[in-house]
Amino acid sequence: MVMDMSSKIVKVCILKLGCIGASPLLEYVLDERADRGDIEVRVLSVGAKMTEAHAEELVKKALAEDYDLYIIPSPNASLPGPTKVRNALGEKGKNVIVISDAPARRITKELEEKGFGYIIILADSMIGARRGFLDPVEMTLFNADVIKVLAATGVVRLLQVELDKVINSLKAGEKPSLPKIVVDKEVATKYAEYRNPYAKAKAMAAYEIAVKVADLTSEGCFKIKERDRYIPILAAAHEIMRYAAELADEAREIEKYGDTLVRTPHSSDGTILFKEKLMEEARGR
């Protein structure tokens, strides 16, 4: 009997170690209204820690059930914890996509050689993680600003489109072509589909500003030991990200004024629909 692959439900497992801006809402990017019938998504996490022991725990959970696609968002995918997770899955022949930040750029060749997909988001910059500065409120506000930058500059739509390409291949019973993307300002804003050139320019500026935040947070977290020096540097980095979020918001507002804001909702069968005018019906492209 020939199986109808169009009816296949793709099982997706998202394995979270630590947190980057792309992590908290990733499962909802795939199913924003919770009505897709073509996928089942499970999220497994070991919280903020990324040690090898935590990685082993996560792998055990991940392999307890068979999934079609494994997505691993984490800070610095070159660290031992994330490396252990993807390698363990890779050894089992699983489809694995790594989502990470700028430090992971140096292992893209290794990821390709081992057959992993990757999306490296340069603007998903490191937080100012020193006890003298960071508390739960500051952590939450920083991540809110990062998420706004990623959403308004095009990164969230990139994740939607590229992950859905893989899901569609799996639905069709095909071997998927996994993404291999380093997301800079031009790549991100291409997916944003801004119509007004000033909106696109503001989005590019917001993305590039967010990229630069990592220079300051890395300096404040790893290079400077004196408390009276690293605290203002980390505070400055967070202020920069706040302004990047405001600039990204301005880009989106420009599109609203011209009624040219692109929206790409999922249909219930997983198809990405399209609309540009607020009051029009979303349709297939």
Checklist line | Shape category assigned to the stretch 139-285 from the gyration tensor of Cα positions, a/c cut at 1.5 | finding: oblate
Check: Accessible area per residue of the stretch 96-184 at 1.4 Å probe, in Å²?
Finding: 42
Notebook entry, point to check: Which value, in Å² and to the nearest 10, is the accessible area of LYS109 when all protein chains are kept and the probe is 1.4 Å?
Noted result: 140
Checklist line | Karplus 3J(HN,Hα) series, Hz, for the stretch 234-245 with 6.51 cos²θ - 1.76 cosθ + 1.60 (x for Gly, Pro) | finding: 5, 4, 4, 4, 5, 5, 4, 5, 4, 6, 4, 5
Item checked: Selection from ILE97, GLY47, PHE116, by position along the positive dipole direction of the chain (Cβ) -> PHE116
Notebook entry, point to check: If the limit is 26 Å between Cα atoms, which of LYS114/LYS148; LYS8/LYS109; LYS16/LYS175; LYS190/LYS275 go over it?
Noted result: LYS114/LYS148; LYS8/LYS109
Check: Out of residues 5 or more away from VAL182 or on other chains, whose amide H comes under 5 Å of its own, with H placed 1.01 Å from N in the peptide plane?
Finding: ILE120
Check: Residue by residue, what Karplus-based ³J(HN,Hα) values in Hz, rounded to whole numbers, does the stretch 255-270 have, using 6.51, -1.76 and 1.60 with θ = phi - 60° and x for Gly and Pro?
Finding: 5, 4, 4, x, 6, 10, 7, 6, 10, 10, x, 7, 7, 5, 8, x
Item checked: Long-range amide H partners of LYS11 with built H, under 5 Å -> GLU40, ASP68, LEU69
Check: So what's the back-of-envelope 222 nm ellipticity for the chain, counting only DSSP H runs of four-plus at -39500 (n - 2.57) apiece and dividing by all residues, rounded to 500?
Finding: -15000 deg cm²/dmol
Item checked: Cα gyration tensor shape for the chain, rounded if a/c is under 1.5, else prolate or oblate -> oblate
Check: In the chain, carbon and sulfur make up what percent of the accessible area (probe 1.4 Å)?
Finding: 54
Next item on the list: Rounded to whole Hz and in sequence order, give me ³J(HN,Hα) for the stretch 44-59 from the Karplus expression 6.51 cos²θ - 1.76 cosθ + 1.60, θ = phi - 60°, writing x for Gly and Pro.
Entry: 10, 9, 10, x, 6, 7, 10, 6, 5, 5, 5, 4, 4, 4, 5, 4
Checklist line | LEU89, LEU122, ranked by accessible area, largest first (probe 1.4 Å) | finding: LEU122, LEU89
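The values are calculated or read from the model by the stated rules, or taken from the named source; none is laboratory data. The structure presented is a predicted model; accordingly, all values stated were derived computationally and were not measured. Every residue, glycine as well, gets a Cβ built from its backbone with ideal geometry; the counts of neighbours run over all protein chains shown. Surface accessibility is based on the protein's heavy atoms, side chains included, excluding ligands, DNA and RNA. Shrake-Rupley method; radii C 1.70, N 1.55, O 1.52, S 1.80 Å.
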